[in-house]
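Working notes for the structure below.
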């Protein structure tokens, strides 16, 4: 969890907004450190977290979280974290010699025409099961559920259509954000050459998915490389687009540069890093 980023977003584990859709994206850099931040943030906040890991294994997320002071194994044991390991589930389905048939959440690999219904049913059952009974003293003060997806561009690589991914994000928002007053965080990796954008997916590709998700977010963090090129002491910049609590529908934009450390990250206004002063 990155204290400087919390300050920029005006949140803390004890105080944060609900009903929000957060979109993380990158180009020319790697935004995965932000997903690790939000995972640790919501677990520290006591939220029930459903994590769909399509890009990395559980052991990878566990190792990074451990360095940030969060134990995923303890969170799973307590029932606070539900983790779908998409890599292993996909292999179980795609490998004909495997003993396991894989999870129904990944049914789109068996039947592409089914879309992401199975994946949404997994999300729906996970967040509702974690909530338990909504009425009663035992649920007083319970923190909202949170869905994290890392990353949705992998679904395109697995043959899912852009429309199906956008439908999935819409239903997740309707269930988690609107119905349960929780939050959704999705990472979209855009690290491809410009000419390759229309080649990912059969009906518009990665850029169309990015545009579609951009209409849905209440908060977006876009990570990109420095326009001046590589710098050893500054890893890139983050553009923050904030529509939260704005009745006029406009958004507040801020840009910060960052450097990722082994146990965190630093954020600073452009040109204020000690490396360039």
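The values are calculated or read from the model by the stated rules, or taken from the named source; none is laboratory data. It should be emphasised that the depicted structure is a prediction, and the values quoted were computed from it without experimental measurement. Cβ sites come from the backbone with ideal geometry, for glycine too, and all protein chains shown count toward neighbours.
At a glance:
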| quantity | calculated |
| --- | --- |
| Residue that is within 18 Å of residue 187 (Cβ to Cβ), at pLDDT 85 or above and within 24 Å of the chain's Cα centre (by Cα), where the choices are 107, 151 | 151 |
| Of all residues making up region 44-82, the number that are surrounded by 16 or more Cβ atoms within 10 Å (Cβ to Cβ) and assigned to a loop (DSSP other than H, G, I, E, B) | 9 |
| Within region 1-11, considering residues that are out of contact with any helix residue (DSSP H, G or I) (no Cβ under 7 Å at 6 or more places or on another chain) and outside any helix (DSSP H, G or I), the one surrounded by the fewest Cβ atoms within 10 Å (Cβ to Cβ) | 10 |
| Residue satisfying condition, being under 30 Å from residue 230 (Cβ atoms) and without any contact (Cβ under 8 Å) to a residue 24 or more places away in the chain, within set 63, 92 | 63 |
| Residue 245 being under 16 Å from residue 22 (Cβ atoms), out of contact with any strand residue (DSSP E or B) (no Cβ under 9 Å at 6 or more places or on another chain), at pLDDT below 85 and exposed (fewer than 12 other Cβ atoms within 10 Å of the Cβ) | yes |
| Lone qualifier among 14, 30 - being under 22 Å from residue 155 (Cβ atoms) and surrounded by fewer than 16 Cβ atoms within 10 Å (Cβ to Cβ) | 30 |
| Given (1) assigned to a strand (DSSP E or B); (2) surrounded by fewer than 18 Cβ atoms within 10 Å (Cβ to Cβ), index of the condition residue 230 fails | (1) |
